[in-house]
Structure formats: structure tokens, C-alpha cells
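Data block below; observations after.
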Amino acid sequence: MKKVAAIIPAAGSGTRLGGSIAKPYLLLRGIPLLAYPLRVMQQSRRITNIVVAVEPGRMRRARGIIRRFGISKAGQVIAGGATRSESVWNALRSLEPDTDLVLIHDAARPFISRALLDECIAAAMRYGAVLCAVRCAATIKSVDKDLRVTATLDRNALWEVQTPQVFSYQLIMNAYRKSFSGKKSFFDDASLIERLPHPVKVVPGSAINMKITTPDDLKIARAIARMRR
């Protein structure tokens with residue numbers, strides 16, 4: 001059986017949401033945001049261990065959530081960094097060297113399904129690097145600094161990237177060692193793989209697998225949580 005480690009970078013403050021509560025600890029139907037993906041990962045037979053990267057001052061709070069929801073696979077809560085990329089790098093370095101695959105998923109995407117998670121892992125076993133994404137439904141335009149349209153992009157070739165993203169352990173470690181300096185945060189982990197270069201396979205995701213970034217996103221997420229009770 002493959003040894004699959006999951007990493008949840010959860011050190012973000014969620015400043016665009018406003019308020020005084022850090023994003024991973026916001027409640028959806030009384031359950032902290034962080035607990036949603038943790039519970040799905042706990043149920044997956046493919047995932048062997050989970051590492052959660054949080055702000056140093058909130059490590060005790062994260063451990064309390066892990067205990068409350070019985071997440072026995074989350075054996076490590078580590079200090080995250082100033083950026084998402086730094087948090088992932090810290091988590092990667094904490095993994096055992098015999099890890100086969102690494103799954104990385106945003107704490108702010110609470111509605112990941114076990115089926116999608118397992119599908120991404122299965123694809124990564126074959127291709128080595130996988131992300132999930134959904135086709136862009138809207139018309140997308142490129143604009144310059146003065147907000148003038150410079151081009152209309154072909155939406156048939158555009159996909160909105162989500163997580164989870166799953167990689168061979170050796171591949172993602174090599175990508176971070178080669179490209180990550182700690183001075184710059186990348187859009188996503190797959191972009192580092194692309195720099196190697198190495199092909200990244202796309203697995204169709206789900207619109208429900210949304211990322212909570214703005215107050216409007218939070219309202220939508222709370223409505224979805226009520227319907228999915």
C-alpha cells in the first residue's frame with residue numbers, strides 16, 4: 001500500500017474576510033472550517049497521515065480541533081510560515097522519507113469529497129503530479145494596468161485550479177528545493193512542478209469545492225453547509 005501524506009496549510013489569517021477570527025477557525029454550522037477537510041481525510045483509506053501547518057500561536061487550538069473530531073491520522077501540527085508556500089515547505093520537510101505521495105489541500109476548501117480526493121490520489125499514482133480544476137464558464141479578458149482590454153482569452157483552454165493537488169514525494173521535494181527560496185509565494189504547488197519541467201495531469205473538480213476568501217464566499221459556504229447537513 002502506498003504511503004500517502006496529506007498536508008493542510010492553515011496558517012492564513014483571512015484578512016479579506018474581515019473580523020477577528022482566523023479563517024481556519026470560522027464556524028460553519030458550529031464546526032470549524034479546518035475540521036471539514038480533516039474529517040474527509042480521516043475517512044479516506046488511502047491517506048495514511050496528515051500534517052497541519054498553522055500559525056505558531058494557534059497550535060494548541062488546532063490540536064484541540066483534532067482531538068474534538070477524532071482525527072487520529074493528524075499526528076503532526078507544525079508551525080506554518082509567513083506565506084502558504086513556506087507553510088507547505090515546512091510540512092514537506094517534516095514528512096518521513098519513505099512517503100510515496102503528498103496531497104496538499106487548502107484549509108479554506110471545506111467541501112472536498114472523499115471521492116474526488118481518492119480520484120486525485122489514484123491519478124497521481126499513475127502520473128506523478130495531479131491537480132483538480134473546473135472549466136472556466138465565464139468569458140475571461142486580459143487587461144493592462146490602465147484597465148484596458150488587451151485580449152479575450154479562449155475559455156475552452158482555461159481551467160480554474162482547485163485543491164487537492166497530489167504529487168510524488170520525491171518530485172515535489174525536488175521542485176521545492178530547486179525553485180523555492182522563501183522569498184516568494186507561488187500561486188499553487190503545481191506551478192513549481194511545471195518549472196522542473198514535469199507534466200501535471202488535470203482531474204475534473206467540482207464547483208462545490210469552493211475556496212472561502214471573501215465575506216460573500218462565507219455566506220455561500222454557510223448556505224451549502226445548511227443544505228448538506
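Since every read-out is calculated from the coordinates, none of them should be taken as a lab result. For clarity, every value in this text was computed on a predicted model and none was experimentally measured. Glycine gets a Cβ as well: all are built from the backbone with ideal geometry, and neighbour counts include every protein chain shown.
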### Query
How much length, in nm to one decimal, is gained on full extension between Ala138 and Met1, taken as 0.36 nm per residue of separation minus their Cα-Cα distance?
45.2 nm
### Task
Go ahead and set up a Gaussian network model of the chain, Cα springs under 10 Å, then flag whichever of Leu38, Leu103, Leu196 fluctuates most.
Leu196
### Added length on full extension, which subtracts the Cα-Cα distance from 0.36 nm per residue, Ser191 to Ala223
8.3 nm
### Summary
Label model pair Val161, Arg39: point-to-point distance (7 angstrom along the Cα→beta-carbon line) in nm is 2.9
### Summary
Total charge of the residues flanking Met125 in space, meaning their Cβ is under 13 Å from its Cβ, with Lys and Arg +1 and Asp and Glu -1, is +2
### Message
So if I take the centroid of the Cα atoms in segment 136-206 and the same for segment 209-229, what is the distance between those two points in Å?
### Response
24
### Task
List, in the order given, every pair from Lys73/Lys178; Lys23/Lys211; Lys23/Lys73; Lys23/Lys219 whose Cα-Cα distance in the structure shown is over 18 Å.
Lys73/Lys178; Lys23/Lys73
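What whole-number volume per residue, in cubic angstrom, does the convex hull of the C-alpha atoms of segment 4-227 give? Display every interim value, and only then the final one.
Details: hull volume 31.8 nm³, N = 224.
For segment 4-227, the hull spanned by Cα atoms encloses 142 Å³ per residue.
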### Query
What net charge is computed for the residues neighbouring Ser113, neighbours being all others with C-beta under 13 Å from the C-beta of Ser113, Lys and Arg scored +1, Asp and Glu -1?
+2
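Filter the chain for me: DSSP H helices, axial length by Cα at least 30 angstrom, mean Kyte-Doolittle hydropathy not below 1.6. List them by residue number. If you can, show how the numbers build up before the last one.
Values: long enough: none.
Passing helices, by number: none.
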### Query
What is the distance, in nm, between label points placed 7 Å from the Cα along the Cα-to-Cβ direction at Ile31 and at Arg177?
3.9
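For Ser206 and Gln170 in the same chain, what is the full-extension length gain: residue separation times 0.36 nm, less their Cα-Cα distance, in nm?
Working: separation 36, 0.36 × 36 = 12.96 nm, distance 2.81 nm.
So the chain would gain 10.1 nm between Ser206 and Gln170.
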